[in-house]
1. Restricting region 134-144 to residues that are at pLDDT 90 or above and surrounded by 14 or more Cβ atoms within 10 Å (Cβ to Cβ), which is nearest to Ala88 (Cα to Cα)?
2. Failed condition for Thr36, given (1) among the polar types (S, T, N, Q); (2) outside any helix (DSSP H, G or I); (3) away from the ligand (no atom under 16 Å from the Cβ), with all others met?
3. On the basis of being within 14 Å of the ligand (Cβ to nearest atom) and surrounded by 18 or more Cβ atoms within 10 Å (Cβ to Cβ), does Gly315 make the cut?
4. Out of Ala167, Ala201, report the one residue that is among the small types (Gly, Ala, Ser) and over 15 Å from the mean Cα position of the chain (by Cα).
5. How do the pairs read when you match residues in region 261-272 that are in a strand (DSSP E or B) with residues anywhere that are surrounded by fewer than 18 Cβ atoms within 10 Å (Cβ to Cβ) and of a type in the set (Val, Ile, Thr), using Cβ under 6 Å and keeping only pairs 6 or more apart or on different chains?
6. Name the residue, out of Ala79, Ala194, Ala137, that is among the aliphatic types (A, V, I, L, M) and under 18 Å from the mean Cα position of the chain (by Cα).
7. Go over the candidates Asp13, Asp71 one by one and state the one that is closer than 20 Å to Gly187 by Cα and out of contact with any His (no Cβ under 7 Å at 6 or more places or on another chain).
8. Could you pull out the residue among Ala323, Ala328 that is without any contact (Cβ under 8 Å) to a residue 12 or more places away in the chain and among the aliphatic types (A, V, I, L, M)?
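The values are calculated or read from the model by the stated rules, or taken from the named source; none is laboratory data. Note that this is a predicted model, so its numbers are computed, not measured. Using ideal geometry, Cβ is built from the backbone for each residue, glycine included, and neighbour counts are taken over all protein chains shown.
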Amino acid sequence: MKACSTMQLPTYDDVIAAAARIEGHAHRTPVLQSATAQARWGAQFFFKCENFQRMGAFKFRGAFNALSKFDAAQRKAGAIAFSSGNHAQAVALSARMLGMPAVIVMPQDAPAAKLAATRGYGAEVVLYDRFTEDREALTQRLAAERGMTLVPPYDHPDVIAGQGTAAKELFEETGALDRLYICLGGGGLTSGSALAARALAPKCKVYGVEPEAGDDGLQSLRAGRIVRIATPKTIADGAQTQYLGEYTFGIIRRDVDDILTVSDAQLVEAMRFFAERMKMVVEPTGCLSFAGACKALEEKPPAKGERIGIIVSGGNVDLARYAELLAAR
Ligand SMILES: *Cc1c(COP(=O)(O)O)cnc(C)c1O
């Protein structure tokens, strides 16, 4: 564990540099509004729709930024990551676009659709047994053998800076906002967004939202140190992280106002709202931010004319699973 005093946290300047690197490669995703949401909640919402990002989630931003910074030797050997979710596809696609090899370490029992999607982006998938093998050790060994550079899903300055570009684009489009809600797993998106918020809208309240069952972020903020939990049971599979990172926690404790939690039922409500009212497929994890905002507004109605930013983080969900979740009442 690195000591905080020697750890150089990324800054908003790094977000600006990341924005220049991803320009023309990542989509500048739309910012949508909803009259229904405004009528129902009494606040003006600005939804930054990363469900429309390349490969369907904001993770492309951080991965592309990190891989863009590789030197010639790193590019030749390529990138390696372990993930069964959106980070896998983000690294695979970024590597293909930058013309370098990629290895993704995934569990044998990962959904077939995810394996296929990752291979579809041209990555080599290495499978491991979740019950008998240590994926970090396996990944480290492969990285050493092949000289590949490991790209972590959230706790890396280049990844954090890349994720921060979504909020940067949002504020550039909307001007200052009163509050910003962000989906929180390991904290890459939340910490990057907080860097952008502090620079572009210093008075904006910044909230990370995590699943009730996986409230390690909230516990960490309260305790003032990184608290580790067992893998939480929640439909928000992108936020089943057990702990925040050193970098992400360093930024979150400094720049984030608070962390909220929502139940799986509240996530499904938000998912239904997006489908019914905004005609958008949003994955359960991508619903955290809006579900958190709705919960906060129910507890305390907004002041007149409040303007609220919502980062909708992704839209990758198995359609059979999606239908099942929406059908259950
Ligand atoms: C990874 C992910 C998150 C959580 O992001 P962190 O940077 O780990 O906090 C949220 N939503 C989606 C769709 C994701 O893929």
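1. Thr139
2. (2)
3. Spelling it out, Gly315 is indeed within 14 Å of the ligand (Cβ to nearest atom) and surrounded by 18 or more Cβ atoms within 10 Å (Cβ to Cβ).
4. The match here is Ala201.
5. Qualifying pairs under 6 Å: none.
6. Just one listed residue meets the conditions, Ala194.
7. The conditions single out Asp13.
8. Only one candidate qualifies: Ala323.
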